[in-house]
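**Q** Encoded as structure tokens, here's the structure I'll be asking about.
The values are calculated or read from the model by the stated rules, or taken from the named source; none is laboratory data. Since this is a predicted model, take the numbers as computed values, not measurements. Here the Cβ positions follow ideal geometry from the backbone for every residue, glycine too, while neighbour counts run over all protein chains shown.
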Amino acid sequence: MVTLGKVAPVLTAVRIQTAVELVVVVAPDDLADGQVEFQAFYADQPDTRPELDIDTSTHLAHLSYTGGTTGRSKGVRLPHRNVVVNTLQYACWGTGSLPALDDDGDLTLDQVGSPDEWPTRLGTGSGINLTPWFHAMGTIGGLNVPVMGGGSTTLHDRFDPVAYLADAERLRVTSIGGAPALFAALLASPDLATRDLSSVRGISSGAAPLPHEMLKALAARFPDAVITEGYGLTEVTMGATINPAFRSGLRKQGSVGVPVFDTEVKIVPLEGGEDPVPEGEQGEVCIRGPQVMAGYHNRPDETAAVLVDGWLHTGDIGILDKDGYLSIVDRKKDMLLYKGYNVYPRELEELLIAHPGVAAAAVVGRKQADVGELPVAFVVRADETVTEAEILSAVNDNVLPYKRIRELRFVDEIPVSAAGKILKRELRQRL
């Protein structure tokens, strides 16, 4: 086991229940029996590479656990090949590169794209990472992709907007990446207007939908940055789609882009079936590609339910347009049924966020026998004088009657996971 000093006591407390024989600790506060400091461990290692018998297609790089936002967390089986492939898919996409081998046979990148289209060149990128590395977006996007591109990553173990923006200016960061919760906090910080962030050339968002109003605000603050929203889930190692990263590329607002290399996306009927629905119609998003998981750990029935002939059924509702751009409507499990009509929380959340008096919002369903589910909004105010009636009117006057929010609750914050996803399960429990 390799761990960090500040969290090593957690492992010490449970180690007797495991088969762990050696613990390598980075920056230890103290060393217990069976533990060794990382530099001391590394100093005794040979310069030659170890001989390893690994089948990259079947041997696991790791078990990556789903966020558990809609139910019990599941272990996702990700072989080594998945991790390398998904890293390459996004590293090549984001830098205008092709995979290559160096003189030693090691994997590297050949940046064939022009500086006009990809101004951040290999070896010059700089970023700040907050995404936890137990999360798919952190493992691939926050760790492996910057390493592949020769960029530098400065780690912050907690989010402090003032410290983040100070480092972003000092380090002349070229990219900012994270979930919408990060961007909401940065946009709300008074420091954002005072910092010189002209070095930023790319902004990438994932883990949850980026509200349209937030995207507009980011574009206004970072006029020289390409803003790309992507889509993925733990079951595809990290990602499957993203908007074009090159400067002249077509980026459609509200879209999560097109499939990355060697990846296919289709939309199938919500009620079941494998045949794609007509272009522009809503349905369940399905993905096929080399980054799709091997299956869930020790859950054969759940694996069989989502993997059909190589296609992963994601549980997300989406639309493919005529150009192959994917838009996510909502989570299938988050969709509400009101008197037999489908109500999508994201549509209501977009309207809520667009109100100047709203800082953050989430919509969930309250079960009611006679109608099915009533849309209930949880709202964090940006202006304490804004009233419930004002917000409800702003939303409900712009939607069909069956979509209207029936109840609104003001809260101090919207609960999110460590990866930035809204914990709607927790909000439902409050109801």
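**Q** Return a yes/no flag: does region 240-253 have any residue that is surrounded by 15 or more Cβ atoms within 10 Å (Cβ to Cβ) and touching a helix residue (DSSP H, G or I) at 6+ places or on another chain (Cβ under 6 Å).
**A** yes
**Q** Strands (runs of 3 or more DSSP E) wholly in region 308-355 with at least 3 residues that are closer than 23 Å to Asn243 by Cα, in contact with a Leu (Cβ under 8 Å, 6 or more places away or on another chain) and touching a residue at least 12 places away in the same chain (Cβ under 8 Å) - which ones?
**A** Strands (runs of 3 or more DSSP E) meeting the threshold: 311-320.
**Q** Being surrounded by 19 or more Cβ atoms within 10 Å (Cβ to Cβ) and either touching a His at 6+ places or on another chain (Cβ under 8 Å) or of a type in the set (Asp, Glu) (or both) is true for just one of Ile317, Ile328, Ile391. Which residue is that?
**A** After ruling out the rest, the residue left standing is Ile391.
**Q** Quick one: is Leu427 out of contact with any helix residue (DSSP H, G or I) (no Cβ under 8 Å at 6 or more places or on another chain) and crowded, with 18+ Cβ neighbours inside 10 Å?
**A** yes
**Q** Additional query: Quick check, is Thr124 over 27 Å from Val236 (Cα atoms), in contact (Cβ under 8 Å) with a residue 12 or more places away in the chain and hydroxyl-bearing (Ser, Thr, Tyr)?
**A** For Thr124, the condition - over 27 Å from Val236 (Cα atoms), in contact (Cβ under 8 Å) with a residue 12 or more places away in the chain and hydroxyl-bearing (Ser, Thr, Tyr) - is met.
**Q** Can you report the number of residues in region 107-132 which are hydroxyl-bearing (Ser, Thr, Tyr) and part of a loop (DSSP other than H, G, I, E, B)?
**A** Selection size over region 107-132: 4.
**Q** Identify the residue in region 277-307 that is free of Cβ contacts under 8 Å to residues at least 24 places away in the same chain and part of a loop (DSSP other than H, G, I, E, B) and, among all such residues, is nearest to Asp321 (Cα to Cα).
**A** Ranking the qualifying residues of region 277-307, first place goes to Pro278.
**Q** Filter region 364-391 down to residues that are within 18 Å of Glu350 (Cα to Cα), charged (D, E, K, R) and in a loop (DSSP other than H, G, I, E, B), then give me how many there are.
**A** Final tally of qualifying residues: 1.
**Q** Would you mind finding the one in Ala207, Ala225 that is in contact with a strand residue (DSSP E or B) (Cβ under 9 Å, 6 or more places away or on another chain), closer than 19 Å to Trp133 by Cβ and crowded, with 16+ Cβ neighbours inside 10 Å?
**A** That would be Ala207, the only listed residue that is in contact with a strand residue (DSSP E or B) (Cβ under 9 Å, 6 or more places away or on another chain), closer than 19 Å to Trp133 by Cβ and crowded, with 16+ Cβ neighbours inside 10 Å.
**Q** Give the residues of region 198-216 that are closer than 20 Å to Pro115 by Cα and not hydroxyl-bearing (Ser, Thr, Tyr), sorted by residue number.
**A** Within region 198-216, Val200, Arg201, Gly202, Ile203 qualify.
**Q** Another question about this same structure. Looking only at region 266-285, decide whether some residue is under 26 Å from Gly96 (Cβ atoms), of a type in the set (Val, Ile, Thr) and at pLDDT 95 or above.
**A** So far as region 266-285 goes, no, none of its residues is under 26 Å from Gly96 (Cβ atoms), of a type in the set (Val, Ile, Thr) and at pLDDT 95 or above.
**Q** I would also like to ask the following. Can you name every residue in region 133-149 that is surrounded by fewer than 16 Cβ atoms within 10 Å (Cβ to Cβ) and not in a helix (DSSP H, G or I)?
**A** Trp133, Phe134
**Q** Cβ-Cβ under 8 Å, sequence separation 6+ or interchain: first residue in region 142-167 and farther than 30 Å from Leu101 by Cα, partner charged (D, E, K, R) and surrounded by fewer than 20 Cβ atoms within 10 Å (Cβ to Cβ). Which pairs?
**A** His156/Asp167; Pro161/Asp191; Val162/Asp191; Leu165/Asp191; Leu165/Arg195; Ala166/Asp191; Ala166/Arg195
**Q** Confirm whether Ala8 is farther than 17 Å from Leu155 by Cβ, in contact (Cβ under 8 Å) with a residue 24 or more places away in the chain and aliphatic (A, V, I, L, M).
**A** yes
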